[in-house]
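Undergrad: Here it is, the structure in full.
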Amino acid sequence: MHVRLIFAIGKLLSLAIAAAAFQFPKIKFVGLSGGSADNNRYDENEPKNRVTKGPEETALLRQSLEKHCKETDTVIQWEPNAIESYEVAEVIFRQVSQCDTSDFIIAFPCITRPTDLEQLSLVLQSNNCKQLLGLDLVECELYPSSPAPYIYIKLDTTISASAEAISDVHSYSSEFATSATKRWLKDFLGKYRLCPYTSSATRAAVGLSSVNVPVGGVHIQVAESLNIRNNSTHRAANLVSAFWTEVKFLLQSSQDQWATSLVVFPEYDNDFQSFVQVCDNVIEPTVLATRATEFIGRAWFHPEYDADQVGHTDVIAGHAVPHKIVEGFMKSLALERVEYEELARANNLVRETPHATINILRRSQLKAAAEYEKGLGTKRPKPNSIYVRNAIRLSNTRITSK
């Protein structure tokens, strides 16, 4: 549904509140594009096929990989249950966030699309990722060059040690942050009908039953630091890990239980720029590298959200539609005019949440919502009118999202 607007939860599922179906403007994705299709020709020596032969063959495969990696004394973490690329990403970033050694190797013998692991390693080799996550070296090797696909990651202990300490951090209990987020969903997002398909924490994907999408809840995960070393690289690693943990949770849960997810990370409440850096330079590229866009949509929210600070002039994944573009929609639709300054305030307000938050949406529901809107015929709202409608609704008021 629209990538910008409260994608936040509602985006994905729109409330049938009379109203508002909507279409998204073209979105520019920032990062790597997906790799080429993998070769599906059967090979009995391929790692995943050897694993299916049983424990004895699996043990031989592990021995072969250990021998292949004999130049390092790093223990190899064996992950045969990580099959989908999003599961692989969850394992990798969990290890990065929790690792208490200088390096590690993780093998993924059963990954469905091995080239996704290669693409993911390329993202992690970027200067942005190395700096933000405190990485020194990232290497990846696939079958047949290696007996099984694996990734090697060495942490940069000098970056980690010198990373900026975090002193100005909000201290909120998980219960407090959850309650605040639920109030935002009901008393702001739902009350002002900012997302056509979400009205509260218990009702998302409302009005999509005609396209076989059940009403479900909003799963709220409050991420807390898993590492006592309280600095910027570990905070970033914890955020990325929390994101992928929640992606896995959402995709492996039923739609009628959880329609969408919110990852809440209070440690970034006072640091909008750093939050956006991690979202744009680590999370978004890894989503593209793993081709997780086939399964999820995502959007960033923050107590201090400011599209001008983001500085984008195009519509980019995760972010609000730039103010100037919304102003253009307003002119082209010949709707009520709002002064630019007030429009910008309202446009930012839609993305303001009590805490730094990432909304994860089901791609299947986004497609279903588009199908639902298409079936509205002449009642279908004009393209992009929802951005204008929300700006008008929130403008010239003292409404706050907090």
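The values are calculated or read from the model by the stated rules, or taken from the named source; none is laboratory data. These numbers come from a predicted model, not from an experiment. Note: ideal-geometry Cβ built from the backbone for every residue, glycine included; neighbour counts use all protein chains shown. Ligands, DNA and RNA are excluded from the accessible area calculation, which covers all protein heavy atoms including side chains. Shrake-Rupley method; radii C 1.70, N 1.55, O 1.52, S 1.80 Å.
Undergrad: Take the alpha carbon atoms of the stretch 174-216, find their center, do the same for the stretch 294-369, and report the distance between the two centers in whole angstrom.
TA: What the calculation gives is 17 Å, centre to centre.
Undergrad: On a 1.4 Å probe surface of the protein chains, which of 90, 84 comes out largest in accessible area, and what is the full order?
TA: Descending accessible area places them as 84, 90.
Undergrad: Taking a threshold of 18 Å on the Cα-Cα distance, which of the pairs 331/382; 186/367; 331/367 fall above it?
TA: Listed pairs above 18 Å: 186/367; 331/367.
Undergrad: Now for a different question. Express in whole angstrom the spacing between the alpha-carbon centres of the stretch 123-150 and the stretch 233-259.
TA: Using only Cα atoms to place each centre, the spacing works out to 22 Å.
Undergrad: Please enumerate, by chain and number, the aspartates and glutamates with C-alpha under 20 Å from the C-alpha of residue 67, excluding those fewer than 8 residues away in the same chain.
TA: Correct list for residue 67: 46, 56, 57, 79, 103, 139, 141.
Undergrad: Over all Cα pairs of the stretch 59-104, how is the pair count split among 5 Å bins, expressed in % and running from 0 up to the last occupied bin?
TA: Spelled out bin by bin, the stretch 59-104 gives 5, 18, 23, 21, 24, 9, 0 percent.
Undergrad: I would also like to ask the following. Taking R0 as 25 Å, what's the FRET efficiency between residue 127 and residue 157 from their Cβ-Cβ distance, rounded to 0.05?
TA: 0.90
Undergrad: What residues have an amide H closer than 5 Å to that of residue 222, excluding those fewer than 5 places away on the same chain, when H is modeled at 1.01 Å from N in the peptide plane?
TA: Residues meeting the amide H criterion: 264.
Undergrad: What are the ³J(HN,Hα) couplings of the stretch 295-308, residue after residue, when phi is run through the Karplus curve with 6.51, -1.76, 1.60 and θ = phi - 60°? Round to Hz, x for glycine and proline.
TA: My calculation for the stretch 295-308 gives 10, 9, x, 8, 8, 9, 9, 7, x, 10, 4, 8, 4, 5 Hz in order.
Undergrad: For the pair residue 53 and residue 70, how long in nm is the line joining their label points, each one 7 Å along Cα→Cβ?
TA: Using points 7 Å along Cα→Cβ, the separation is 2.1 nm.
Undergrad: So what are the radius of gyration and Dmax for the Cα set of the stretch 256-388, in Å?
TA: Final numbers for Rg and Dmax: 16.0, 46 Å.
Undergrad: Additional query: 5 Å is the cut-off here: which amide hydrogens, built 1.01 Å from N in the peptide plane, fall below it relative to residue 296, excluding neighbours closer than 5 in sequence?
TA: Those qualifying (amide H under 5 Å, at least 5 residues apart or on another chain) are 363.
Undergrad: Between residue 77 and residue 224, what's the calculated FRET efficiency when r is the beta-carbon distance and R0 is 25 Å? Round to 0.05.
TA: My answer for the efficiency is 0.60.
Undergrad: Assuming R0 = 35 Å, what is the FRET efficiency of residue 179 and residue 273, from their Cβ-Cβ distance, to the nearest 0.05?
TA: Efficiency at R0 = 35 Å is approximately 0.85.
Undergrad: Okay, moving on. How would you classify the stretch 332-380 from its alpha-carbon gyration tensor, with a ≥ b ≥ c the square roots of the eigenvalues: rounded for a/c under 1.5, else prolate if a/b is greater than b/c, otherwise oblate?
TA: Oblate, since a/c reaches 1.5 and b/c is not below a/b.
Undergrad: Say the cut-off is 30 Å between C-alpha atoms; which of 130/324; 48/374; 191/324; 248/324 go over it?
TA: 130/324; 48/374; 248/324
Undergrad: Can you pull the accessible area of residue 339 for me, 1.4 Å probe, Å² to the nearest 10?
TA: Only protein atoms counted, so the area is about 150 Å².
Undergrad: Calculate, in nm to one decimal, what residue 256 and residue 393 gain on full extension: separation in residues at 0.36 nm each, minus their alpha carbon distance.
TA: 46.3 nm
Undergrad: Would you please give the residues with an amide H less than 5 Å from that of residue 140, counting only those at least 5 places away or on a separate chain, with H modeled from the backbone geometry?
TA: The answer is 152.
Undergrad: Arrange the residues 181, 245 by how much accessible surface each exposes, largest first, with a 1.4 angstrom probe.
TA: Per-residue accessible area, sorted high to low, gives 245, 181.
Undergrad: How big is the stretch 219-300 in terms of Cα radius of gyration and Dmax, in angstroms?
TA: Expressed in Å, the Cα Rg and Dmax of the stretch 219-300 come to 12.9, 39.
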